[in-house]
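Comments concern the structure below.
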Amino acid sequence: MTGCTRTLAQPTPTLSGTLNLRAPAAIAAGQPVTLVVERSDAPDGMIVTLVMEGSYGPLLSRAPFQAGRAEFQIPATDTQVAGLVTLVAHAAAAEGRAELTINPGQPVDPVTPLVGPHSVIADGAHWGSVVAIPFDSFGNPVAEGTPLQFRIRRPDGSPETFSASVTHLLAWRRISSSTHAGRTTISVTAGDAHGPDANLIETPGWPGPFSLNASPSNLPADGRQFVTLRTDPITDVYGNQMLDGTLITFVAETPGGQPRLIPAYTIDGVAEAQLQAPSEPGTVTVRATLYGVESTALLIVFAPGLAVGAFPVTVSIDHATGTMSIVVGPLLAALGQFVPNGTLAQITLIGPDGTTYQREAETLGGLARLTLRRSELVSGNYQIKIDIGTGVGQTNFSVP
Amino acid sequence: MQKTHLKLIIWALLLALTLAGAWVVVSGSANLLASFERGAEPASALNIVPNVPPDLHVALSWAADDADSGRQIDPLTRSQIESVYIRAWLQINLSYQKGEPHGLTTYFTGPSLAEVSAAVRRTHSDGFSIEQADTAHHLQLHLSSAEGSIVAFTDHDATVVHVIRDAKGTIISVEETRADYDVVMLLENGLWHVRHWVRRAATEADNRPIAPACPGCARVDGTGLRVDGTPFAVAGINYYPQATPWDTFWPQYDPAVIDRDLSRIKGLGLNTIRIFVPYEQFGGPHVDPIMRDRLSDLLDRAEAQNLKLIVTLFDFRGDYSLLHWADADRQLETLLTYFAGHPAILAWDLKNEPDLDDARVGGQIVDTWLRHIALLARSYDPNHILTIGWSSPTAAVRLVGQVDMVQFHYYAPVAELATGYVALRHAAPDKPLLLGEFGLPTWNTVFPNGHTEAEQATYYAALLSRLQHLDPSTGHLAWTLYDFARVPATVAGRWPWQTGPQAYLGIIRTDGSEKPAAALLAPGANLTIAPLPIWARLLKPFWLLMLGATLVEIVGLAWAFDREIRKRRGAAAPMHPHP
């Protein structure tokens, strides 16, 4: 019990019960229709309100009873949206119900194939889909079951055709990739309606095993020259070359050193990169990777490339200026030529008390020169050692 | 010496004031600085929009996807589609409410945007206004395209309700419709948009929850009820604890009081109680688990004492606005699915006296909402009986087809019962009827319409006798078990003549003793009561006051009359000359 509330007097309805609402079961979209509400005892002039609940909401019309009949002329503009329309007629407290289905018309241009994704791997396993939502002249999706023809031209030129029916407003099919990389073109027709084509790019799949080569392969370890690293043509398991611009990373590892990563891009399935010769002789291991696939390892041996053999070392003291000059050379490479200018000579001085001094000197014209101040050195006997590549020079001198 | 003391005191006071001032300055400055340092919540910078508006409680569920629905859809995409779809409906509803397309471009594209915008404009230009709300969607995915930018799904059995009014505001139509919607959505500029939707005949999605069995639940058998195969005649009472009625019942729920009261009800020979679930106190759409557990506790205790309960839902919920229907749905769903297997529940009473909302809301809207709730209730809990607590037999004729047991309340003279009852039985020839409330207050004061406890007993006996004579299978529940010391103003008002009768409708007095009517409610109770002499009906404070007032008035009038006569006589007497 929640107490009493005053109840407003309800207007006495002059009509109650059921109205006979006559409507066709179905019409075509855009077709005018006449709906009739009948009730023999309805007074003339009584207004009937007709609510037509369609796909996008209710639409209302009003008409008076005349001789027990109210007629609603629904114009073509009000029947353009397809779908189920629930009709409810109200007159005073009387009500009538019916249902009307508005069927969509025939498909019209354009029927656009919507293909996705834009590219798939051409491995016969990956797939894309083509979806078509054909519509009639009023923009309604066409009727369920409407057949659509899909036509496909594969990258190798072979044609395919299949059909699909409209279900839940659209028609769709899977398009499995072929094993030929390239462009697959798709078009779709619905009856006499046509549309533009769409493309599905079939790209090469994962690369197969590949190897590397180096040119030249016998550079000295001079820290100066470059080796050209090159992959073999890289293809997937079906022989499709990697797309131009595919990123490849060359990884060069020297014993005890940091790996060097050299990016490169494929052109015609081949990627190239330049590797600078190390300063130290040894073997460099090079691999290339793309998409997680690694090439076979390539071993490049860099032979000793700087000065070789023993070379003379001259020490002279200039008492006037108080300086001491150390001249190393001529420094010769394997072919008897001067080592490249700028090559660093590692000079080690061992003093009379065992103290070690490290110095560097750049070569110029096959000679490396180092000038020391006499005052920097204590008196006594010194040993001097020079290392350049595999070449060694050494001598002793005394500082008075 | 005294002067020195005074100086010291003054100095001490000055020092204390200085310290207090310094403390105020320092703490104030610190708080000010801290306030400047705090700034906004870092999370607020992200402006994370909830999937659906937090106050929107429209049901949305997914049935199993089609066997071949293309790309396997990921949970995030699915939630984005849900969000856009449910917001699209909301935006249509808001557009209808505004009378113009509002925010539709965010959710619709292509033909659907044009059509829905045109429909909204057309309604407005035709001079109609539409209030519309969707309450439930059951989606089934048919396609997610390979690149994930096209989805197609069917919204099965989508429930949409609308109220159409003419330019004067008169309701033309209140309809709840159910239909399927085939929907195509496209991902455009990173957002999903509805491109097409087409309405079709409703089909049920295959994802409805299965309610647990309830072998001990009451069943309808013709015009009667059965529990465990045995005929069950409802003889009961509407119940609030004496110290905590109405709005204080659930917040101050006390299991010990419940046990004591249930024992007492059982002792009176009754088998059923009717209770009320206040919508807001139970958390609205988000049912408070504490309240739910209290209801569960009450049901368990009733079950232990072999008592049945009629649980009245949505008490004190007067909001019928369409956009909030889904809120009520969620409370219904939570409670009914939770208690679907509880044998102590005799029936779900969907609303107490909803016809009293007709004047404020409109009877069509009330009826449509009740139909909606009844349909949902059956899907959430097919085990229990449904009823609606109409305020009179006349009102109970409404929605007979939607309930299992037709309930009416009766506070009118006994002599008028037969007319309403016969009409109701005619409207519901094959359903049990239940007198869900009846009573006579024993508030007997100087205000008119007071009744004595003897009159209450006489009324109960006469009413129940009449009811048995009309239909022995009709159950009954009196209002209420207790007299109350306090009645909230929200129940009946705040004036004494409003709260007084409400407080004294019980069959047990505030001191805990039973009124004579308490012995009349049990099945088979002796309803023969000696008729009250007429003078007994007059021996009431009001009539005694009236009598007293009348006597005083008569005496007063007589005195005034006598005085006037004397005055006139005095005026008419001849003047005697002075000797």
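Which of the residues spanning region A:96-114 are part of a strand (DSSP E or B) and more than 8 Å from chain B (Cβ to nearest Cβ)?
Those that are part of a strand (DSSP E or B) and more than 8 Å from chain B (Cβ to nearest Cβ): A:96, A:97, A:98, A:100, A:101, A:102, A:103, A:113.
Is it the case that region B:308-319 has a residue that's free of Cβ contacts under 8 Å to residues at least 60 places away in the same chain and farther than 30 Å from residue B:161 by Cα?
yes
Regarding residue A:100, is this residue at pLDDT 95 or above and of a type in the set (A, V, I, L, M, F, W, C)?
Here the answer is yes, as residue A:100 does meet what is asked.
Test residue A:227 against the criterion of being more than 14 Å from every other protein chain (Cβ to nearest Cβ), among the aliphatic types (A, V, I, L, M) and surrounded by fewer than 18 Cβ atoms within 10 Å (Cβ to Cβ), and give yes or no.
Here the answer is no, as residue A:227 does not meet what is asked.
Hey, residue B:387 hits all of (1) within 14 Å of chain A (Cβ to nearest Cβ); (2) β-branched (Val, Ile, Thr); (3) more than 30 Å from residue B:537 (Cα to Cα) but one; which does it fall short on?
In the conditions (1) within 14 Å of chain A (Cβ to nearest Cβ); (2) β-branched (Val, Ile, Thr); (3) more than 30 Å from residue B:537 (Cα to Cα), residue B:387 misses (1) alone.
Just the residues that are over 19 Å from residue A:28 (Cβ atoms) and part of a loop (DSSP other than H, G, I, E, B), please, taken from region A:135-171.
Residues satisfying the conditions are A:154, A:155, A:156, A:157, A:158, A:168.
Looking only at residues that are under 31 Å from the mean Cα position of the chain (by Cα) and within 10 Å of chain A (Cβ to nearest Cβ) in region B:145-173, which one is surrounded by the fewest Cβ atoms within 10 Å (Cβ to Cβ)?
B:170
For every residue, the table says whether it meets (1) hydroxyl-bearing (Ser, Thr, Tyr); (2) farther than 17 Å from residue B:163 by Cα.
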position	(1), (2)
B:98	no, no
B:101	no, yes
B:105	yes, yes
B:116	no, yes
B:123	yes, no
B:127	no, no
B:131	no, no
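Looking at this structure, is residue B:52 at negative phi and in contact with an Asp or Glu (Cβ under 8 Å, 6 or more places away or on another chain)?
Yes; evaluated as a whole, the condition is true for this residue.
Is one or more of the residues making up region A:330-346 at pLDDT 85 or above, in a strand (DSSP E or B) and not hydroxyl-bearing (Ser, Thr, Tyr)?
no
State which residue pairs qualify: first residue more than 16 Å from residue A:138 (Cβ to Cβ) and away from chain A (no Cβ under 11 Å) and inside region B:181-197, second residue in a loop (DSSP other than H, G, I, E, B) and of a type in the set (Lys, Arg) in any location, beta carbons under 6 Å apart, and separation of 6 or more residues or different chains.
Correct list of pairs: empty, since none qualify.
Counting only residues that are out of contact with any strand residue (DSSP E or B) (no Cβ under 7 Å at 6 or more places or on another chain) and within 14 Å of chain A (Cβ to nearest Cβ), which one in region B:307-320 is surrounded by the most Cβ atoms within 10 Å (Cβ to Cβ)?
So the residue we want is B:317.
Yes/no per residue for (1) surrounded by 15 or more Cβ atoms within 10 Å (Cβ to Cβ); (2) among the charged types (D, E, K, R); (3) out of contact with any helix residue (DSSP H, G or I) (no Cβ under 7 Å at 6 or more places or on another chain); (4) part of a strand (DSSP E or B):
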position	(1), (2), (3), (4)
B:226	no, yes, yes, yes
B:236	yes, no, yes, yes
B:241	yes, no, no, no
B:244	yes, no, yes, no
B:256	no, no, yes, no
B:262	yes, no, no, no
B:265	yes, no, yes, no
B:270	yes, no, yes, no
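Helices (runs of 4 or more DSSP H) wholly in region B:462-578 with at least 1 residues that are among the aromatic types (Phe, Trp, Tyr), under 20 Å from residue B:451 (Cα atoms) and away from every other protein chain (no Cβ under 14 Å) - which ones?
Passing ranges, in order: B:534-538, B:541-572.
Given B:304, B:328, which one is outside the structural domain of residue B:175 (by TED's automatic domain parsing) and surrounded by 22 or more Cβ atoms within 10 Å (Cβ to Cβ)?
Within the list B:304, B:328, the selection yields B:328.
Yes/no matrix, rows are residues, columns are (1) in contact (Cβ under 8 Å) with a residue 40 or more places away in the chain; (2) crowded, with 24+ Cβ neighbours inside 10 Å; (3) of a type outside the set (A, V, I, L, M):
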site: B:95; (1), (2), (3): no, yes, yes
site: B:100; (1), (2), (3): no, no, yes
site: B:112; (1), (2), (3): yes, yes, yes
site: B:117; (1), (2), (3): no, no, yes
site: B:140; (1), (2), (3): yes, no, yes
site: B:143; (1), (2), (3): yes, yes, no
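Of all residues in region A:136-178, count the ones that are touching a Pro at 6+ places or on another chain (Cβ under 6 Å) and surrounded by 14 or more Cβ atoms within 10 Å (Cβ to Cβ).
Final tally of qualifying residues: 7.
How many residues does region A:30-67 contain that are at positive phi and surrounded by fewer than 15 Cβ atoms within 10 Å (Cβ to Cβ)?
So the count comes out to 2.
Taking residue B:229 and the conditions (1) more than 13 Å from chain A (Cβ to nearest Cβ); (2) in contact with a Gly (Cβ under 8 Å, 6 or more places away or on another chain), which numbered condition does it fall short on, given that it satisfies the others?
(2)
What is the number of the single condition among (1) facing chain A (nearest Cβ under 7 Å); (2) within 26 Å of residue B:165 (Cβ to Cβ); (3) among the β-branched types (Val, Ile, Thr) that residue B:135 does not meet?
Condition (1) is where residue B:135 drops out.
Tell me the residue from B:543, B:535 that is closer than 22 Å to residue B:462 by Cβ and exposed (fewer than 10 other Cβ atoms within 10 Å of the Cβ), please.
Step by step, each of B:543, B:535 is checked, and only B:535 is closer than 22 Å to residue B:462 by Cβ and exposed (fewer than 10 other Cβ atoms within 10 Å of the Cβ).
In region A:34-86, what count of residues is obtained for those that are of a type in the set (A, V, I, L, M), closer than 20 Å to residue B:116 by Cβ and in a strand (DSSP E or B)?
Looking only at that region, the number is 7.
Does region B:58-79 include one or more residues that are closer than 30 Å to residue A:126 by Cβ, part of a helix (DSSP H, G or I), away from chain A (no Cβ under 14 Å) and among the aliphatic types (A, V, I, L, M)?
Taking every residue of region B:58-79 in turn, at least one turns out to be closer than 30 Å to residue A:126 by Cβ, part of a helix (DSSP H, G or I), away from chain A (no Cβ under 14 Å) and among the aliphatic types (A, V, I, L, M).
It is to be established whether one or more residues within region B:108-118 are more than 11 Å from every other protein chain (Cβ to nearest Cβ) and touching a His at 6+ places or on another chain (Cβ under 6 Å).
Yes, because at least one residue in region B:108-118 is more than 11 Å from every other protein chain (Cβ to nearest Cβ) and touching a His at 6+ places or on another chain (Cβ under 6 Å).
Could you run through region B:250-264 and say how many residues are under 20 Å from residue B:485 (Cβ atoms) and touching a residue at least 12 places away in the same chain (Cβ under 8 Å)?
Number satisfying all stated conditions: 8.
Among the strands (runs of 3 or more DSSP E) confined wholly to region A:181-282, which include 2 or more residues that are more than 30 Å from residue A:135 (Cα to Cα)?
Because the criterion is at least 2 residues that are more than 30 Å from residue A:135 (Cα to Cα), the strands (runs of 3 or more DSSP E) in region A:181-282 that meet it are A:212-215, A:226-231, A:247-253, A:260-267, A:270-276.
Hey, among the residues in region A:122-139 that are more than 10 Å from chain B (Cβ to nearest Cβ) and within 24 Å of residue A:196 (Cα to Cα), which one's modelled with the lowest pLDDT?
A:122
For region A:337-375, name all the residues that are among the polar types (S, T, N, Q) and touching a Pro at 6+ places or on another chain (Cβ under 8 Å).
Answer for region A:337-375, where residues must be among the polar types (S, T, N, Q) and touching a Pro at 6+ places or on another chain (Cβ under 8 Å): just A:363.
The values are calculated or read from the model by the stated rules, or taken from the named source; none is laboratory data. It should be emphasised that the depicted structure is a prediction, and the values quoted were computed from it without experimental measurement. A quick note on method: Cβ atoms are made from the backbone with ideal geometry, for glycine too, and the neighbour counts reach across all protein chains shown.
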